[in-house]
Amino acid sequence: MKVSIIVSITADGFIAQNKEQSSLQWTSKEDTKFFVEYTKKVGVLIMGSTTFETINRPLPNRKIIVLTRSKKYDQFSPDQVVAEGREIKEIIKELEASGQQEVAITGGASIYTQFMKEKLVDELYLTIEPIVFGSGIKLFNEALDQKLELVEMIDLSGQTKVLHYKIIQ
């Protein structure tokens, strides 16, 4: 099963100014369109509870697995949103056993870091937006030493680019 991180960052490498900020507040409409198309194709998204709470709703035609040990999302259908407190390797194995072909990791920094440290990520879709925050939340919150291979650059607009990387294991 292919595991991909899909994320938007500022030109200076931040994913948000603070934990309450949704990327929809600062990313381009082209990036939003790319995210929607990609995640609908994949079908299953994994994110942390802080990221989920910035959207706080199911996304049409996608299942969201929220990694949390303390919260429940019983107000949503389990076909749409599931709270999951197990280890990430277990979740990936179960998804693979169920026939899932691909999963998108969609935030935040601690979730991205966990998946990278566990060597579970195959690809990285990094949208670079033409904005600078100067400070905020970095893409990863711990030191990593990971080589990447550029697969393609996707031109979303004259200003917004997606760098599609393969993770070199």
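Every read-out reported here was derived from the displayed coordinates using simple, explicitly stated rules and does not represent laboratory data. Just so you know, these numbers come straight off a predicted model, no measurement behind them. So basically every Cβ, Gly included, is an ideal-geometry build from the backbone, and we count neighbours across all protein chains shown.
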Candidate cut points under chymotrypsin sites (Phe, Trp or Tyr not before Pro) in the range 3-112, DSSP loop plus at most 15 other Cβ atoms within 10 Å of their own Cβ, are none
Estimated 222 nm signal from helices in the chain, with DSSP H stretches of n ≥ 4 weighted -39500 (n - 2.57), rounded to 500
-7000 deg cm²/dmol
May I ask for the distance between the Cα centers of the range 104-135 and the range 33-99, given as a whole number of Å?
16
Can you compute the modelled spin-label distance between D155 and F76, with each label point 7 Å from Cα toward Cβ, in nm?
3.6
Translational diffusion coefficient (Stokes-Einstein; Kirkwood radius from C-alpha pairs) of the range 2-167 at 20 °C, 1.002 mPa s, in µm²/s
132
Over the Cα atoms of the range 76-169, each weighted equally, I'd like the Debye log10 I(q)/I(0) at q = 0.11, 0.12, 0.23 Å⁻¹, rounded to two decimals.
-0.42, -0.50, -1.35
Nearest 5 percent is fine: what portion of the DSSP beta bridges confined to the chain is antiparallel?
40
Pull up all non-local amide H partners of G108: gap of 5 or more, or a different chain, and H-to-H distance under 5 Å with H placed in the peptide plane.
G48, T51
Measure nothing fancy, just the Cα-based angle from helix 88-97's long axis to the longest principal axis of the chain, in degrees from 0 to 90, nearest 10.
70
List the residues whose amide H sits under 5 Å from the amide H of R62, counting only those 5 or more places along or on another chain, with H placed 1.01 Å from N in the peptide plane.
none
Checking the cross-link filter: which lysines have an alpha carbon closer than 22 Å to that of K40, excluding same-chain neighbours under 8 positions apart?
K2, K29, K63, K93, K161, K166
Would you kindly state the longest site-free stretch of the chain, with sites defined as GluC sites (Glu not before Pro) in a DSSP loop (not H, G, I, E, B) surrounded by at most 14 other Cβ atoms within 10 Å?
21-86
In nm, to one decimal, how far is the modelled label at E53 from the one at L148, with both set 7 Å along Cα→Cβ?
2.9
Apply 1/(1 + (r/R0)^6) to the Cβ-Cβ distance of E84 and Y38, taking R0 = 22 Å, and write down the FRET efficiency to the nearest 0.05.
0.55
Tell me, what HN-Hα J-couplings in whole Hz come from the Karplus equation 6.51 cos²θ - 1.76 cosθ + 1.60 at θ = phi - 60° for each residue of the range 71-76, using x for Gly and Pro?
10, 10, 10, 5, 6, 10
Modelled FRET efficiency - R0 45 Å, N18 with A97, Cβ distances, 0.05 increments:
0.75
Near P58, within a Cβ-to-Cβ distance under 14 Å, what is the net charge of the other residues, with Lys and Arg +1 and Asp and Glu -1?
+1
